[in-house]
């Protein structure tokens, strides 16, 4: 059952799709497949203006990012996937700022570092100008 509510049929469909992705990712993470969950979570970024939906999607991605081996995972990512990961890195830093005395933010800074190492500084600019995610 979806945790999202909406009067718009289009928005409900989008929310149901997100709920399906979240459920699938949680099942994968429960089985220890964090990299698979992360791949699934970034495969089709949510493009909505609804902040609750965006935050739920971001928390799903961030949960998978927290336990995924960064360098190995990034070896298999193309530029578009890296751009999406950088967007979620920024979103994660925003959502979790101040949590556990910054320890959560440190995880995202490591992703930031590795993404810049792989893609160069352009990944930062592309993530900042594209407002999806």
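Just so it is clear, none of the values below were taken in a lab; they were calculated from the coordinates. Just so it is clear, the model here is predicted, and its values are computed rather than measured. Because the Cβ atoms are built from the backbone with ideal geometry, glycine has one as well, and the counts that use them run over all protein chains shown.
Values as computed for the structure displayed
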read-out	value
Computed helical MRE - 222 nm, the chain, DSSP H runs ≥ 4 contributing -39500 (n - 2.57), nearest 500	-23000 deg cm²/dmol
Label-point separation in nm, residue 97 to residue 11, each point 7 Å along Cα→Cβ	2.7
Inter-part distance where the stretch 91-133 and the stretch 57-90 are each reduced to a Cα centre, Å	9
Mean Cα-pair separation over length for the stretch 3-69, i.e. relative contact order, pairs under 8 Å, 6 or more apart, %	33
Segment residue 78-residue 117, length gained on full extension (0.36 nm per residue, minus Cα span)	12.7 nm
Cα-based helix-to-principal-axis angle, 9-30 vs the chain, degrees rounded to 10	50
Under the Debye formula (equal points on every Cα, no solvent term), log10 I(q)/I(0) of the chain at q = 0.22 Å⁻¹	-1.40
Pairwise label distance in nanometres, residue 49 with residue 106, each label 7 Å out on the Cα-Cβ vector	4.0
